[in-house]
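J.: Below is the structure I would like to discuss, written out as structure tokens.
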Amino acid sequence: GAGVSQSPSNKVTEKGKDVELRCDPISGHTALYWYRQSLGQGLEFLIYFQGNSAPDKSGLPSDRFSAERTGGSVSTLTIQRTQQEDSAVYLCASRASGAGNTIYFGEGSWLTVV
Amino acid sequence: SQQGEEDPQALSIQEGENATMNCSYKTSINNLQWYRQNSGRGLVHLILIRSNEREKHSGRLRVTLDTSKKSSSLLITASRAADTASYFCATDQLNTPLVFGKGTRLSVIA
């Protein structure tokens, strides 16, 4: 597609349920990022995929969070046993290989845990 | 890890005035990027400045970079109400994730 696509746009879930958030990066982009942003706050890095390298998971806040990227394209962020503090916008971004390339963001997935 | 910190946290100006936002970071970088965010949704890339550049212009935007002070500034000239948004700087190194600051919330009053 023309841009980074994320789904769902909005998700309301009950505490304790699992959720999956999907990111469809720009075709051909080798790098894919997940960030989290709580209301009125900055972006918190979660996980980074670069080509076939092992992902950088250093930002995942707990073992309830995981992500995978299948076929070097679509990525899914999974949050198990959701907690209220997981409520945030989850932003995905991608960019072409090489330093200095622009990173393109999706519109984000609003997650509300009630 | 490296981190961009924007200053001020919030800025309110009149339409037509210039807005200046600053960003400081901690470690060496390949480049620094500025982004804009409306209403808590996706970020839009504004401008990238490489570590060997000192100043860059794009329309009403002017970015400076001082690697000796590990700081950058974003100037928006002749501001408009439509410039109201949050502005983030992000530091960039090869094969590492962009690290964002907490942003500056700019309000331009018509």
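The values are calculated or read from the model by the stated rules, or taken from the named source; none is laboratory data. Since this is a predicted model, take the numbers as computed values, not measurements. All Cβ positions, glycine included, derive from the backbone under ideal geometry; neighbour counts span all protein chains shown. Side chains are part of the model used for accessible areas, which takes the heavy atoms of the whole protein and leaves out ligands, DNA and RNA. Shrake-Rupley method; radii C 1.70, N 1.55, O 1.52, S 1.80 Å.
J.: If you take the accessible area of A alone plus B alone and subtract the pair, what total do you get in square angstrom, rounded to 100, with a 1.4 Å probe?
T.: Buried area (both sides, nearest 100 Å²): 1800 Å².
J.: Hey, another quick one. Can you give the % of DSSP beta bridges in chain B that are antiparallel, to the nearest 5?
T.: So the antiparallel bridges amount to about 90 percent of the total.
J.: Set the bar at 28 Å for Cα to Cα. Now go through A:LYS11/B:LYS70; A:LYS17/A:LYS57; A:LYS11/B:LYS26; A:LYS57/B:LYS26; A:LYS11/B:LYS56; A:LYS57/B:LYS56 and name every pair that lies beyond it.
T.: A:LYS11/B:LYS70; A:LYS11/B:LYS26; A:LYS11/B:LYS56; A:LYS57/B:LYS56
J.: OK, next. In units of 2.2 N^0.38 Å, what is the alpha-carbon radius of gyration of the range A:5-97?
T.: With N residues counted in the range A:5-97, Rg over 2.2 N^0.38 Å equals 1.04.
J.: Compare B:GLU6, A:GLU107 by solvent-accessible area with a 1.4 Å probe and give them largest first, with all protein chains kept in place.
T.: The ranking, largest first, comes out as A:GLU107, B:GLU6.
J.: I would also like to ask the following. If you count, for every residue in A:29-36, the Cβ atoms of partner chains within 10 Å of its Cβ, what is the mean?
T.: Taking all residues of A:29-36 together, the mean is 1.
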